[in-house]
Amino acid sequence: MPYFHTNFTNISNPLKENDILSLILFLSKFIKIMNFIETKKRILEAYQEFIIKNLVDNKMLEINRIINENENFVTTSSCAGRIIIIGKKALREKYNTNFFLKTHDVLERKYNIENLHFGNELWVLYEPPNIHIKCKDLKSAKMLHQFALEAKLSKSKFQSIKKPYVVEILGTGNLQIPIGFDGKLAIDQNYFNKIITVANQILIEEQSRLKSFKELFQLNEIN
């Protein structure tokens, strides 16, 4: 935590207008920093509970730790990217879904889709790596965003440019492929295997970019 020093050489004399403005600015900055520290403390307490309950992507534990050890940042959510096979009523349906497969790893074994029982639709999805990070100040947020762009995580963006500053680190890959309708497969196993090969390649590439982001963060300590 940074320390602030204000020197009042003679407190018996009335403060000048410039002194009052300086004091107001000092107190405002101090309060904002204290608010961020308290917010970070609460978030990390909840995060530890999620770890205990095995609700945090294991591939993200190290990068989250590195980011959270810096006083300027706190992670609020994260995912290393994932491949999903899901049954649902329609593309935009968020509820009444059935997850047949959800993995953050390369799908090396042959996954048999021929025995899947689904409702209206069956989809293969790839979702990119993402990390949501609250930042203490705008300067820190800008540097974080720059590291993401240098790591080719080019969809990364500011989710908020006002307090609290939030940066979303986001990969570029995305797949949404329908493979079944009305309870029947629209493709064969061989074609499905080719889709998974593509999804695996994207996952490997984007997790490599996430590693590059982590290394940039470590090499360029943000104070």
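The values are calculated or read from the model by the stated rules, or taken from the named source; none is laboratory data. Everything numeric in this text was worked out from a predicted model, so none of it was measured. Please note: Cβ atoms are built from the backbone with ideal geometry, for glycine as well, and neighbour counts cover all protein chains shown.
Of the listed requirements (1) touching a residue at least 40 places away in the same chain (Cβ under 8 Å); (2) surrounded by 14 or more Cβ atoms within 10 Å (Cβ to Cβ), Glu114 misses just one: (2). In the stretch 117-162, the residue that is farthest from Arg209 (Cα to Cα) out of those that are touching a residue at least 40 places away in the same chain (Cβ under 8 Å) and among the β-branched types (Val, Ile, Thr) is Val124. The single condition among (1) within 18 Å of Ile83 (Cα to Cα); (2) not β-branched (Val, Ile, Thr); (3) not in a strand (DSSP E or B) that Phe217 does not meet is (1). How about the stretch 54-90: which of its residues are β-branched (Val, Ile, Thr), modelled with pLDDT of 95 or more and either under 30 Å from Asp182 (Cα atoms) or out of contact with any strand residue (DSSP E or B) (no Cβ under 8 Å at 6 or more places or on another chain) (or both)? Result: Ile66, Ile83, Ile84, Ile85. Once the stretch 41-81 is narrowed to residues that are among the basic types (Lys, Arg) and out of contact with any helix residue (DSSP H, G or I) (no Cβ under 8 Å at 6 or more places or on another chain), the residue that is farthest from Gln218 (Cα to Cα) is Lys53. Within the stretch 154-174, restricting attention to residues that are farther than 17 Å from Thr76 by Cβ and surrounded by 17 or more Cβ atoms within 10 Å (Cβ to Cβ), the residue that is modelled with the lowest pLDDT is Gly173. Look at the stretch 43-59 and say how many of its residues are of a type in the set (Lys, Arg), in a helix (DSSP H, G or I) and exposed (fewer than 11 other Cβ atoms within 10 Å of the Cβ). Counting residues in the stretch 43-59 that are of a type in the set (Lys, Arg), in a helix (DSSP H, G or I) and exposed (fewer than 11 other Cβ atoms within 10 Å of the Cβ) gives 0.
Reported count of residues in the stretch 175-223, each being over 18 Å from Ser77 (Cα atoms), hydrophobic (A, V, I, L, M, F, W, C) and under 25 Å from the mean Cα position of the chain (by Cα), is 11.
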